[in-house]
Structure formats: structure tokens, C-alpha cells
1. Could you give the DSSP H helices of chain B that reach 15 angstrom or more along their long axis (alpha carbon positions) and whose average Kyte-Doolittle hydropathy is no lower than -1.0?
2. Check A:GLY96: other-chain or 5+ apart residues with amide H under 5 Å from its amide H, H built from backbone geometry?
3. Per DSSP H run of n ≥ 4, the term is -39500 (n - 2.57); total these for chain A, divide by its residue number, and report the mean residue ellipticity at 222 nm rounded to 500 deg cm²/dmol.
4. For label points placed 7 Å from Cα toward Cβ, what is the shortest-first list of nm distances from A:THR230 to its copies?
5. Dividing the alpha-carbon Rg of the range A:227-331 by 2.2 N^0.38 Å yields what?
6. Can you give me the Cα centroid spacing of the range B:52-97 and the range A:260-325 in angstrom?
7. Taking just the C-alpha trace of chain B, give me its Rg and Dmax in Å.
8. Each label point is 7 Å from the Cα along the Cα-to-Cβ direction; what then is the distance between the points at A:ARG227 and A:ALA38, in nm?
2 protein chains.
Amino acid sequence: MKKLIDAVDDVVLDALRGMAAAHPSLRVDLDERIIARADAPRPGKVGLVSGGGSGHEPLHGGFVGYGMLDAACPGEVFTSPVPDQILAATNAVSGGAGVVHIIKNYTGDVLNFQMAAELAGDDDIEVVPVMIDDDVAVQDSTFTAGRRGTGATLFAEKTAGALAEAGGSLSEVAAVATEVNERTRSFGVALTACTVPAAGRPTFDLGEDEIELGIGIHGEPGRERTRLRTASEIVDVALSAIDDDMPLSGSEVLVMVNGMGGTPLMELYAAYAAVADWLSGHGATVGRRLVGNYVTSLDMAGCMISVCRLTPRLAELWDAPVETPGLRWGR
Amino acid sequence: MKKLIDAVDDVVLDALRGMAAAHPSLRVDLDERIIARADAPRPGKVGLVSGGGSGHEPLHGGFVGYGMLDAACPGEVFTSPVPDQILAATNAVSGGAGVVHIIKNYTGDVLNFQMAAELAGDDDIEVVPVMIDDDVAVQDSTFTAGRRGTGATLFAEKTAGALAEAGGSLSEVAAVATEVNERTRSFGVALTACTVPAAGRPTFDLGEDEIELGIGIHGEPGRERTRLRTASEIVDVALSAIDDDMPLSGSEVLVMVNGMGGTPLMELYAAYAAVADWLSGHGATVGRRLVGNYVTSLDMAGCMISVCRLTPRLAELWDAPVETPGLRWGR
């Protein structure tokens, strides 16, 4: 295993130290292991907290900032954050208007966020959880009952963050995150496995000519292991799976071609060309788009495609200013 | 070889098609293979053109936009753009105030940009070339006489772009790019090789426990092949090499921890923590910083560290608004 790290056990903490040093707009608590906006809590503003295992950067810590998350709590690599950590993040951003938890559907995350919400309730902080489960690849998976939460997390964090910034109420902010999740579907494909530092070897084996269709962001098995295919064929598999589940024809969509961490940006753009062709050939209009590494799986090669059927209001929330390390457009 | 591509020969064109579809702020000419700002040429504004082999994305095409480049011309992967292509880019952005060419020091790039500048001169476009040669690792290398051009390219494109946007003259814009190059040093380390699509196999062999200190962005040999080291040790090698060449103590610096394409962002932040510690321990102050994948080498794992000794004016130009696909902060 080759990693740019000091020690396997310290990598998450060292990365947090790096985040703290690199981004004065963030307040990183190394003891509690939370990343919060420097100006949190904002009185009267609904707080927005997310979190999950590390190794998916920039998700979630890189999405803390104006117009998106108020705080993120990173667990160890591919490991849920603990309830006390989620509680600390919730407390750190509570401005009296309640806090929304955005939770990717993995059993550990769901349980720990639930426990944290109960503890926050004891402190008179009202918490509304929103579960993200957009991955159409499989119904249940290694760490999940039901569908896995993947790319819709970013869409929900961005739009709910915009609404919270604009003064939306607790129920309104939670409702828009829920709506985005319901209108989004994702499908991922792995060309290679990734290597968790503590494990020291790839999370699964893929042959030289094999790819995994429907991969999870921790390397969980997908629908099918198959021979290597072209980018256009991979895009067709992914978008067909999405379209089967949520017909896209006639819709204006927000689409993300997301790198899993190890695929060159040049290739992601080549894949996006195929995505744009596919969508226009199937009667969908691309209203907004994002190409790059946003919800990664360490050094995995491959991509995930996420499609959200926009409404005018969701497009407006998407366009609203955001200033985070990982996503940024101007005020 | 596993690549997310359709055909080896089409990957650059397909990526350009993807750029065109993804970024309405850009005008991509698929025939000439140039990426220009949609509003180019801007009358009276100095044009800023860069280019080089593909495979380093977001450099250069991803840095076209407000406050940075006016156009980029991507060659085939790791291959210089041809003179006609550079000429077309120069013509596309010529607003009557002259054009600055920012050229990474690789023999093919230098020759082809020189030829394009002569052709542009025949068309009465005044071109001033600025050569970037910031890599301290080696004096000459596989594709280079003298030092290689790497991370300083981004710094020069950003600051010169800001000055051009603010109405700087041809000589002023060229001078600031030159100044940034003179004040910047870089050093890269590879944990793995990268694979050029047309070659189909890694550009060089690195053992399971080996790394290459002083790697070039095309995989050119560096100073030494050695056993795998920790992030802190790698950072010490890189910053010591930079400091030996350009003493950093007492300076306020702009520092970039740049991923080569295949290293997780989590690890880049861990490396940045070591960089921040090293610099403060050696009497330098970090004034500005950038952590992420900006000047990549396809899927190579590893990082490059670039340090620029700031002046108040350079810091101001760095802070000026920029709106490109690869680098963006608000107006």
C-alpha cells in the first residue's frame, strides 16, 4: 500500500489539521472532530449538519461554509461518526431554529445520527433527520438496508443550505432536502477498487479487464461484474438504470459526473460528453451540471452519475451563492 | 489499462466536447482544438494564452475564464500543441493590446509557441512569451533543457490574468507572470506512475515500496528513487529542496499542495498539515494556500509542492476574483 500519510491511525486527524490550517473560514475542533463554519452558530438560522465516514472528500467537510453545511462530522475512514461527535456538531451550529441532519443511508450512520438527535432533544434542540437513498444500483447492500445514499447528498446539502441561508424554517429546509432526494437517482461504476489505509490492501479484487457496475462508495458490490466497457457503454448502463427507475424524458435535470478519486478529470469530461449526448437523445434537458471529484471513494477509479429532476425552485436554490472549499460560486 | 474512454485516439476530442457541453462560459472550437472565453476577444484587453499537452487537467483549459486565461490550446496527451493551434488561440483572444503566452519549459512547447508567436507577428499581433521553469528537482530532463515548468504555471496564470483583467498593459502583464515564475519553486514526488492512454501501460516502473523524488509531470525521472516514506518525510524532502534553492525564512508565501491525479484529497490535506508545520518551523508565513488537484499527471499518485514568495501586490492579484471551471472565487 502506498499512501501519502504519516501513520494509518492518524490520517483522519492529520487531514483535519490540514483542513484547519488551509481554511480560515472553518473552525475545526480536533478533539470533537467536527468541522464548523467559523461564524456558527448563526442566531435564528436553521443549522445543517452532515457527516459520515472519511475517505469521500470533499464530502462532507469540504462542503461546510456559506450556503451549504454549517458543520460536518467525519468518522474514521469508511466508518460512521459516533453519536457524541454528531451531538457536538449539532450543538455547535444550533442557533435556536433547529437543526437538519442529512444522513446517507448506511446502517451505522442512521443509528448514530438517530442517537445524536435524541441526545440533542434532551438539550432542547429540535432535530429533523433527512435520509438520502438515491443509489438505484441495488436494494440492500453490505452496510445498508434499502438503497444507499450517494450523490444526492451533495444536491441536498447545496439546496437545503441555500434555503437555510435565505431564512427557511426547519420544516422547509428539511422538506427541500427530502424533495431533492426523492427527485435524484445515482449509479456508480468502479474500474478499480480502493485501498483503506487501515486495511492496507484493496477492498475487493477486480481483474485487469473487469469493472463493477453499480458499485457503492465504499466498494460494496453492485449489480454485475463485467468486462471493461467504453465510457459511452458505461454511461448507457448507468443512465438506463436511472431512467428505468425514474423516467427522465421531458425533464430538465441537474446532472453530476462524479469521479471516485482515481480517474483523471480528462476522462470525466469525456464521460460527460457521453452523458450529455445520452440525455439529449432521450428527451431530457440538462439545466445544470457538475463534473469532477465530489463524492469520492479514496483512490477508486471510476465514476458515479447522479441525476436530479429539477423544478424552477430547485434550480434557483442550486444557483444561489455557495462558498465552501469544495464547491463555490459567487455572491 | 483501464480508462473511462471510448477510444484512445478520441479521448482529447471527447474531453473537449465534454468541456463544451459542461461550461457555457467557454467557447470550445473542436476543429482548432482551442478553449476560449465566450466573450473573447475583449477589445483593449491583453490576451492571455497558455497550453501544453493534455492530461494535466484542470490545467490549462479549466483555467480559462474571468480573471485568468483567455484561451488554452491542449495538445494530445503529454504532447505539445501545434503552432497553428496556438496561433488560432492567439487570434481568438487578440483584442488589440497584445497577447501573452505562458509556456511551460518543455522543448516542444517552447518551439511551437515560438513559431506561433512569429506567425501572429505576421498578422500584426504583438506576442510576449513568458517561460515557466520553477521545478527545482533537476536541471535538465527528458523533454527539457533547463528546469521544467510545473506549479508556477497556475500562479502565473492567476496573477497575470488578474492584472490583464484590471487593464494592465502587455509589458506589465508579462512582467508579473515573469516575476511570479522567478519567485516560485516546485518539487514533485510520485508514489505511482501514470498511464498514457495511447501507450496502454505505466510510463515507468516503480516497485511496491518505491517512490520517485523530484518526478516531472509527465513521469520524467527526478533526483532519486527511494523507499516509501511518510508524508512528513516527503514534505521535508520537497520543501528542503525548495528552501535550498530559494530561502524561505522570513517570507510570506503562497503554497500549493497539488495532487497529481490519483491521490485522495484526504491525503493531500494530511500532507498540507505537514507543509504548514514545516514552513512555520522554518520561519516562513503562509499567506495564501491551495490544496487539491490542479496540475495533474493523469492518474499518478503523489503530490507536488509549489511555493511562491509573495509581495503585497502579488497577494492582491491572487485574491482578485476568478471564475473558471478549475479555480473560482467571488467577485
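1. In chain B, the long hydrophobic H runs are B:11-22, B:83-93, B:107-122, B:152-165, B:170-182, B:231-245, B:265-281.
2. Here the answer is A:GLY44, since their amide H atoms fall under 5 Å of that of A:GLY96.
3. Details: 8 runs with 106 residues, N = 331.
Theoretical 222 nm ellipticity from helices: -10000 deg cm²/dmol.
4. 4.9
5. 1.09
6. The distance from the Cα centre of the range B:52-97 to that of the range A:260-325 comes to 24 Å.
7. In Å, with Rg to one decimal and Dmax whole: 18.6, 55.
8. The modelled label-to-label distance comes out at 5.6 nm.
The numbers here are math on the coordinates, done by the rules we state, and not lab data. Please read these numbers as outputs of a predicted model, since none were measured by experiment. Quick reminder, even Gly has a Cβ in these numbers, built from the backbone with ideal geometry, and neighbours come from all protein chains shown.
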